[in-house]
Amino acid sequence: MTVTDGNVTVSNMTKRTADDHRQQRQERRQRRIEQRLAERAGRDAGRAEKRDKLLEAAIRVVRREGPGASMDEIAREAGITKPIIYRAFGDREGLTQAVADHFADELAATLGEQMAREDTNYRESVALTIDAYLAFIERDPKIVRFLVARDFGDPNNATPRLIQKICALVTQSIGEELHRLGLDSGAAEPWAYAIVGAVHLAGDRWIENRTMTRARLVEYLTALVWDGMKTFAGIKVEEAAK
């Protein structure tokens, strides 16, 4: 074959045409992928929205009924049938775990904010943290009992997850304070569980039998917790107030 300007040009045009077709196919394939991803994201968002609405319905029922809230009551509240709840959460345990996680995370965040405040000394931080927990119990006593009672009913979980989350925060806070003061931080975890257990039971009793204001209860519990830690750790009063 003789090479001329003509056949070189046609060859180049043929190559460019093939390249253009290949590029177009790639673009169409990319658009299809993006469309499928967008559709999937839309379905996921729809499922998440439906799940959130079911969770809100479950929370309303638990606020009314406490630990005895049933799947039938939750389904009626949401205006759906039980199989839809099972599809969204798997089973009753999945739904109750979602309720527990919602409030445990919310409470843990609130307590964490109080513990992390830099405009207070440590005793004041203890008082604010206790008050935040008692405020939660006061606002949602049936929710708290639901969170605690459901876990005590599980033989594989000796300590309710709500209490575990709070104790983890308190352990870290006490450990950091003991370390700051140059003291043995090994007491942090047992102290945390003892403190949280005492505050929780005292608060639960206070809800049933309100013989004092929340502020007075906070002061009593703060005195018990803080003065006790000072005594056993050998913390000087002037150091503790910093």
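The values are calculated or read from the model by the stated rules, or taken from the named source; none is laboratory data. As the structure is a computational prediction, the values presented were derived from the model and not from experiment. Note that we place each Cβ from the backbone using ideal geometry, even for glycine, and neighbour counts take in every protein chain shown.
Numbers below:
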quantity: From the options Thr171, Thr120, residue that is in contact with a Leu (Cβ under 8 Å, 6 or more places away or on another chain) and of a type in the set (S, T, N, Q); calculated: Thr120
quantity: Which numbered condition Ala18 fails, given (1) at pLDDT 80 or above; (2) among the small types (Gly, Ala, Ser); (3) outside the structural domain of Ile207 (by TED's automatic domain parsing); calculated: (1)
quantity: Of all residues making up the stretch 44-99, the number that are of a type in the set (Asp, Glu) and not in a helix (DSSP H, G or I); calculated: 1
quantity: Which listed residue, of Glu118, Glu124, is acidic (Asp, Glu) and at pLDDT below 85; calculated: Glu118
quantity: Members of the stretch 92-111 found to be farther than 16 Å from Cys167 by Cβ and of a type in the set (Asp, Glu), listed by number; calculated: Glu93, Asp101, Glu106
quantity: For Ile85: the one exception among (1) in the same structural domain as Gly175 (by TED's automatic domain parsing); (2) buried (at least 20 other Cβ atoms within 10 Å of the Cβ); calculated: (1)
quantity: Filter result for Ile166 (in contact (Cβ under 8 Å) with a residue 24 or more places away in the chain and within 19 Å of the chain's Cα centre (by Cα)); calculated: yes
quantity: Positions within the stretch 81-109 being among the hydroxyl-bearing types (Ser, Thr, Tyr) and either touching a residue at least 40 places away in the same chain (Cβ under 8 Å) or touching a Ser or Thr at 6+ places or on another chain (Cβ under 9 Å) (or both), in sequence order; calculated: Thr96
quantity: Within the stretch 135-182, tally of residues that are under 21 Å from Val61 (Cα atoms), modelled with pLDDT of 75 or more and not in a helix (DSSP H, G or I); calculated: 1
quantity: Out of Arg63, Arg76, sole residue that is under 30 Å from Tyr220 (Cα atoms), surrounded by 13 or more Cβ atoms within 10 Å (Cβ to Cβ), at pLDDT 85 or above and of a type in the set (Lys, Arg); calculated: Arg63
quantity: Asp131 under 28 Å from Leu95 (Cβ atoms), charged (D, E, K, R) and in contact (Cβ under 8 Å) with a residue 12 or more places away in the chain; calculated: no
quantity: Test for Leu95: is it under 30 Å from Trp206 (Cα atoms) and at pLDDT 85 or above; calculated: no
